[in-house]
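Input: a single structure, listed below in structure tokens.
Every number in this text was worked out from the coordinates using simple rules, so none of it is lab data. Because the structure is predicted, anything quoted here is derived from the model rather than measured. Reconstructed Cβ throughout: ideal geometry from the backbone, glycine too, with neighbour counts over all protein chains shown.
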Amino acid sequence: MIVQQNTTAEPNKERNSVHRQGPRKFLVIVDNTPESRVAVRFATRRAQHTGGRVTLLCVAQHDDFQQWRGVEELMRDEAHREAENLIYEAAKAVNEISGILPELVILHGQTAECLVELIKSDREISILVLAAGASKETPGPLVSSFLGGAAGGNRIPVTIVPSALSDTEIDSLA
């Protein structure tokens with residue numbers, strides 16, 4: 001379920017077509033990890049250099065306390081406020097780096113499930129940008145999840161950016 005969606009672009013008339021008529025739309029997951037900042041910067045620079053757009057997705061996650069309705073609502077509201085803070089900070093960074101006004105999407109649930117849902121529902125998304133985790137054991141939970149089972153019905157390419165890149169390196173690569 002899309003809770004908040006601000007779009008700055010006109011809807012694509014060919015929404016069901018794989019071939020897009022407009023600029024590429026780069027999708028980035030916003031969370032409180034250092035990898036997220038790297039992915040946001042890379043997607044922003046790619047969009048800037050290619051005349052594209054940026055969509056930021058932040059997932060508000062909260063525990064399910066169905067037996068205590070009031071507690072569940074408070075937790076949901078708090079998770080939503082945290083997601084808003086994260087996505088507004090990322091949107092500010094996108095705008096400061098490139099002058100682009102990104103599309104903002106806040107969903108509630110599990111990140112991998114919300115990501116797949118958004119990609120299926122928004123046919124204008126062209127590329128998913130993820131940053132690999134710094135751990136030597138795994139590339140990070142989101143990259144592992146999406147490239148594993150969650151990618152089964154994926155219709156777009158995924159760009160995985162090394163999280164150890166500096167801003168200068170990102171800018172020169174993008």
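Some notes on this structure:
- Computed from the C-beta positions of Asp77 and Lys120 and an R0 of 30 Å, the FRET efficiency is 0.65 to the nearest 0.05.
- Charge tally in the Cβ shell below 12 Å around Val28, where Lys, Arg are +1 and Asp, Glu are -1, Val28 excluded: +3
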